[in-house]
Amino acid sequence: MKRKAAVAAFTTGILLLVGVMFMASYADTAFNRSMEGMEQVSRSLDEGETLHDLTIGDLTFQTVFEEAGAVYFRRADEPSGYVWSPHRPPSDTLPIRGPWYTFHDLDH
């Protein structure tokens with residue numbers, strides 16, 4: 001009986017891991033497909049301007065705003081998002097590649 005429980009727990013753990021990996025892969029793919037449109041928005045946004053409820057490619061953003069030369073894309077479904085900052089890395093972010101960064105729990 002203990003062996004069956006251990007096998008079931010192991011199988012459940014593997015399935016959860018596969019699910020998490022799939023979701024991470026989807027998020028990366030959605031960003032890759034949306035990145036070009038996001039850069040176009042970044043280049044056209046005026047200093048201090050804020051856009052609301054914007055869908056770009058596969059991603060939907062609650063707000064998109066410019067601050068100190070960087071453009072922040074806050075996800076609609078979670079307290080995180082992306083930053084386009086071609087001149088310097090913004091604080092409290094993690095690099096993705098090139099001028100792109102990600103943030104979590106940014107207070108804006």
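Being modelled with pLDDT of 90 or more and farther than 16 Å from F31 by Cα is the requirement here; does P86 meet it? Lay out the reasoning, then the answer.
On the way: modelled with pLDDT of 90 or more: yes; farther than 16 Å from F31 by Cα: yes.
So P86 passes the test.
Looking at D53, D105, which one is exposed (fewer than 13 other Cβ atoms within 10 Å of the Cβ) and either basic (K, R) or closer than 18 Å to F31 by Cα (or both)?
The match here is D53.
Go through (1) within 16 Å of the chain's Cα centre (by Cα); (2) free of Cβ contacts under 8 Å to residues at least 24 places away in the same chain and name the single condition R33 misses.
Answer for R33: the failing condition is (2).
Looking at S34, is it surrounded by 10 or more Cβ atoms within 10 Å (Cβ to Cβ), at pLDDT 85 or above and within 18 Å of W100 (Cβ to Cβ)? It would help to see each step written out before you state the result.
Values: surrounded by 10 or more Cβ atoms within 10 Å (Cβ to Cβ): yes; at pLDDT 85 or above: yes; within 18 Å of W100 (Cβ to Cβ): yes.
Judged against the criteria, S34 is a match.
I need the full set of residues from the stretch 64-95 which are closer than 19 Å to G37 by Cα, in contact with a Ser or Thr (Cβ under 6 Å, 6 or more places away or on another chain) and not aromatic (F, W, Y), in order please.
Passing the criteria: A70, V71, R74, A76, V83.
Working carefully through the options V83, V64, find the one that is surrounded by 12 or more Cβ atoms within 10 Å (Cβ to Cβ) and in contact with a helix residue (DSSP H, G or I) (Cβ under 7 Å, 6 or more places away or on another chain). Give the steps one after another, and end with the answer.
Values: V83 fails: in contact with a helix residue (DSSP H, G or I) (Cβ under 7 Å, 6 or more places away or on another chain).
Residue meeting the stated conditions: V64.
The values are calculated or read from the model by the stated rules, or taken from the named source; none is laboratory data. Given the structure is predicted, the values throughout are model-derived calculations rather than measurements. FYI the Cβ positions are ideal-geometry reconstructions off the backbone, even for glycines, and counts take in every protein chain you see.
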